[in-house]
Amino acid sequence: MDIELILKVYPYFLEAAVVTIELSVLTVLLGLICGALAAAARMSRFRLLRIIGAVYVSVFRGTPALIQLFLLYFGGPQIGIQLDAFEAGVIGLGLNIGAYMAETMRGAIVSVDGGQTEAARTLGLSRTQAFRKVTLPQAMRLMIRPLGVNINAQIKGTALVAAISVVELTYTAQRYIGSTYKPFEMFFLAGVLYILIITVTGKGISYLDRKVRLP
Amino acid sequence: MGLDFTVVPAYLDTILIGVLWTIAITVCAALLSFFGGILFAVIALYAPWFLRLPVRLFAWLFMGTPLLLQLFLIYFGLVELGIDLPAFVAGVIGLGLHFAVYNSELIQTAILAVDNGQMEAARTLGCSRAQALRKVVIPQAVRDVIPPIGNNMIALLKDSALVSVIGVSELTLSSQLAIGRTYRPFEFYAVAAVFYYVVNLGMEAVMRRIERKTSLSR
């Protein structure tokens, strides 16, 4: 292990880690929005919305994220979508994780006992009110942990944007592996930072989960 | 520059060969990840500490870092160690090890969930500990986790696109070859997406079949 080299290059890795964190935060936020919309569409009363939601989820979960990213970044200009690599990364990966999050959210909502809605309806709440005041708050508690799994996967998933040359952790590691021929040192450095980001995020999610869990 | 899918048929054979390579790498890596997963699980649970510790450390590293980074490590790391493997083999090892770690987590939980009486009964019947594990406990544990392992294998199929970056000419890289000649990224990536989707559907069907065949409540 070449400690001297690690000490020399680590500031660049720290800078890259900041980009990885930015990408993670933005893609997760976009994913949560897309996921919520898609989950709502899939459970809608309108057939067309249900179909749109189902197609979105199936297409984005059925094809590789890398292909989706390439299609958007390299193919986008052909259909009038001009994005820089970072924007394409956020939008492409956000749409991708959104499809997975949609299934997580739908799963949580479906697993709330149907008797809850019935009871709320009996008490005179409208369908919307019952969903908003009774089902959703319970489902939100249930979805924190599985969404945490999606988020953990997404943090690692941000590495894909290295393939469209966004300078984040994996791209930086790859570049330094190429220029120093020290793959193990560079992997170690990037790996420690990824694990740090994932561990801190994981702790945050468990904290949130404990906070809202019913006794 | 509008869309023009008429350029696609000329490269269809290149793409189909890519599809075959994608299937080949997925099957090889899936087998490696399945048996590697069992091996890692047994080591993590039963081996002495000098085997257990490295495997735990390895699992921790591989679960906390991106697959793409691991592929770079394996591809360039092996060269650094003087082992010059073809990209395909490096890709199989990278994908296989990555998913072996995830499978191992599932299998460990399942092994612990197999009733202790099974091991005791096997021992009473004269099996050694290793025999009891191999013939009694592990088969039951693995059967229990076939559905989640199937999900991992479907994830593996999609992640096999990543090996294009280390130069395995599977579906993604063969699409890129066609794009390099025609400058039509949208058309070829869209076609690649369709092929992945179809292979994905096929794989889901295979997994459902395996699940049905292996589940106890037939």
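Here are a few things to note about the model shown:
- Summed over both chains, the accessible area lost when A and B associate is about 3100 Å², using a 1.4 Å probe.
- Alpha-carbon centroids, segment B:99-116 and segment A:90-158: separation in whole Å: 28
- Top positive-direction residue, dipole computed over segment B:8-213 with Cβ charges, set B:N152, B:L32, B:V42: B:V42
- Chain B, accessible surface, carbon-and-sulfur percent (1.4 angstrom probe): 67
- Charge tally around B:F72: other residues with Cβ under 15 Å, Lys/Arg +1 each, Asp/Glu -1 each, net -1.
- Heavy-atom accessible area, 1.4 Å probe, ligands and nucleic acids excluded: residues of segment B:40-74 down by at least 10 Å² from chain alone: B:W60, B:L61, B:M63, B:G64, B:T65, B:P66, B:L68, B:L69, B:F72, B:L73
- Hydrodynamic radius by Kirkwood, which averages 1/r over all alpha carbon pairs of segment B:75-171, in angstrom: 15.8
- Dipole of chain A, positive direction: furthest Cα of A:S206, A:P77, A:V9, with charges on the beta-carbon: A:S206
- The lysine pair count for the protein assembly as shown, using Cα distances under 17 Å and pairs eight or more places apart or on different chains, is 4.
- Each residue of segment B:140-155 is assigned a 3J(HN,Hα), and the resulting list reads 5, 5, 5, 4, 5, 10, 4, x, x, 5, x, 4, 4, 5, 5, 5 Hz, derived from the Karplus form 6.51 cos²θ - 1.76 cosθ + 1.60 (θ = phi - 60°), x at Gly and Pro.
- Here the peptides A:114-126, B:110-122, A:183-195 are ranked by packing, the mean other Cβ count within 10 Å, and the order with the highest first is A:183-195, B:110-122, A:114-126.
- Put simply, chain A fits an ellipsoid with semi-axes of 39, 22, 11 Å; these come from the alpha carbon gyration tensor as the roots of five times its eigenvalues, largest first.
- Solvent exposure of the protein assembly as shown as accessible area per residue, Å², 1.4 Å probe: 50
- Taking every alpha-carbon pair under 8 Å whose residues sit at least 6 apart, chain A reaches a relative contact order of 29 percent.
- Residues of segment A:91-109 falling in the label zone of A:M43, defined by backbone nitrogen less than 17 Å from a point 7 Å along Cα to beta-carbon, are A:99-109.
- Other residues within the sphere of radius under 13 Å centred on the Cβ of A:P183, judged by their own Cβ, net out at -1 (K and R +1, D and E -1).
- Placing pseudo-labels 7 Å out from each Cα toward the beta carbon at B:Y183 and A:S179 gives an inter-label distance of 3.1 nm.
- Positive end of the dipole of chain A (Cβ unit charges, origin at the Cα centre): among A:G178, A:M143, A:T122, the Cα lying farthest that way belongs to A:T122.
- The residues of segment A:171-210 occluded by other protein chains by 50 Å² or more of accessible area, set against the chain on its own, are A:I177, A:P183, A:F184, A:F187, A:I195; surface from heavy atoms, 1.4 Å probe.
- Computed from the C-beta positions of B:V79 and A:M1 and an R0 of 25 Å, the FRET efficiency is 0.90 to the nearest 0.05.
- Cα-only radius of gyration and Dmax that characterise the protein assembly as shown, units Å: 23.2, 75
- Separation in nanometres of the label points that stand 7 Å from Cα toward Cβ, at A:R127 and B:R134: 6.0
- Chain B, dipole about Cα centre (Lys/Arg Cβ +1, Asp/Glu Cβ -1), debye to the nearest 20: 780
- Taking 7 Å steps out from each Cα toward its Cβ at A:A153 and B:L51 produces label points 3.2 nm apart.
- Using only side-chain charges placed at the Cβ, +1 for Lys and Arg and -1 for Asp and Glu, the dipole size of segment A:3-212 relative to its Cα centre rounds to 1020 debye.
The values are calculated or read from the model by the stated rules, or taken from the named source; none is laboratory data. Every value quoted in this text rests on a predicted model; they were computed, and no experiment measured them. Glycine also receives a Cβ, built like all others from the backbone with ideal geometry; neighbour counts cover every protein chain displayed. For accessibility, only protein heavy atoms count, side chains too; no ligands or nucleic acids. Shrake-Rupley method; radii C 1.70, N 1.55, O 1.52, S 1.80 Å.
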